[in-house]
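Notes to accompany the following structure.
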Amino acid sequence: MLAIERYAGEKIRFEDQDYVIEGINRNNFDDGIDIALFSAGESISKEFAPAAVERGAIVIDNTSVFRMYKQVPLIIPEVNPDAMSRLFYGKGAIIANPNCATIMCLIAMTPLDRYAKVEFDLSTFFSFVFPTRSNTDTTNLECWPKN
């Protein structure tokens with residue numbers, strides 16, 4: 001388990017086994033990490049996610065850093081799982097996820113859309129509900145039809 005230096009050396013107990021937290025650095029990803037979950041803040045994601053990808057890891061990033069990158073899929077597994085089909089283990093990639101409110105809204109709205117086709121501009125809807133840029137762009141969310 002990796003974390004920022006402040007937590008290096010601490011122990012976490014899981015299923016009767018102690019794990020020592022290591023301080024994150026670019027060399028941590030040389031050990032063949034398949035999947036890396038990033039949720040330590042934007043500066044950590046910016047610095048270390050590309051290093052993990054270069055070494056073949058699939059990074060699932062919980063920050064807003066990569067949400068607006070056209071080449072990074074914005075994925076909600078319950079909504080658009082097919083967007084993950086172009087990712088291959090060992091090749092390295094970043095997956096972004098929307099913020100928590102957007103995820104919950106789309107999990108609820110997707111079945112409605114599949115049944116009755118939602119007839120409005122989703123980005124306009126989100127600009128009223130979630131008035132920040134990172135939440136209004138649905139370009140990378142591959143489940144909604146583009147108008």
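The values are calculated or read from the model by the stated rules, or taken from the named source; none is laboratory data. Remember, predicted model here, so these are calculated numbers, not experimental data. With ideal geometry, Cβ positions are generated from the backbone for all residues, glycine too; neighbour counts draw on all protein chains shown.
Every residue in region 1-51 that is in contact (Cβ under 8 Å) with a residue 40 or more places away in the chain and touching a strand residue (DSSP E or B) at 6+ places or on another chain (Cβ under 6 Å), please.
Ala49
For region 1-56, name all the residues that are over 13 Å from the mean Cα position of the chain (by Cα), aliphatic (A, V, I, L, M), within 23 Å of Ala83 (Cα to Cα) and not in a helix (DSSP H, G or I).
Selection gives Ile33 alone.
Being at pLDDT 85 or above, out of contact with any Phe, Trp or Tyr (no Cβ under 9 Å at 6 or more places or on another chain) and closer than 26 Å to Pro50 by Cβ, is that true of even one residue in region 85-95?
Yes - at least one qualifying residue is present in region 85-95.
For region 1-44, how many residues are within 20 Å of Ser64 (Cα to Cα) and of a type in the set (Asp, Glu)?
Going through region 1-44 one residue at a time, the tally reaches 1.
Out of region 57-78, which residues are touching a helix residue (DSSP H, G or I) at 6+ places or on another chain (Cβ under 9 Å), assigned to a loop (DSSP other than H, G, I, E, B) and touching a residue at least 12 places away in the same chain (Cβ under 8 Å)?
Ala57, Asn62, Thr63, Ser64, Val65, Phe66, Arg67, Met68, Pro73, Ile75, Ile76, Glu78, listed by residue number.
Select, from Ile12, Ile21, the only residue that is farther than 19 Å from Ile94 by Cβ and surrounded by 15 or more Cβ atoms within 10 Å (Cβ to Cβ).
From the options Ile12, Ile21, the qualifying one is Ile21.
Tyr69 fails exactly one of the following numbered conditions: (1) more than 20 Å from Ala3 (Cβ to Cβ); (2) touching a Ser or Thr at 6+ places or on another chain (Cβ under 9 Å); (3) of a type in the set (Ser, Thr, Tyr). What is the number of that condition?
Against the list (1) more than 20 Å from Ala3 (Cβ to Cβ); (2) touching a Ser or Thr at 6+ places or on another chain (Cβ under 9 Å); (3) of a type in the set (Ser, Thr, Tyr), Tyr69 comes up short only on (2).
Out of Arg26, Arg86, Arg114, I need the residue that is in contact with an Asp or Glu (Cβ under 9 Å, 6 or more places away or on another chain) and either under 30 Å from Tyr7 (Cα atoms) or not polar (S, T, N, Q) (or both). Which one?
From the options Arg26, Arg86, Arg114, the qualifying one is Arg26.
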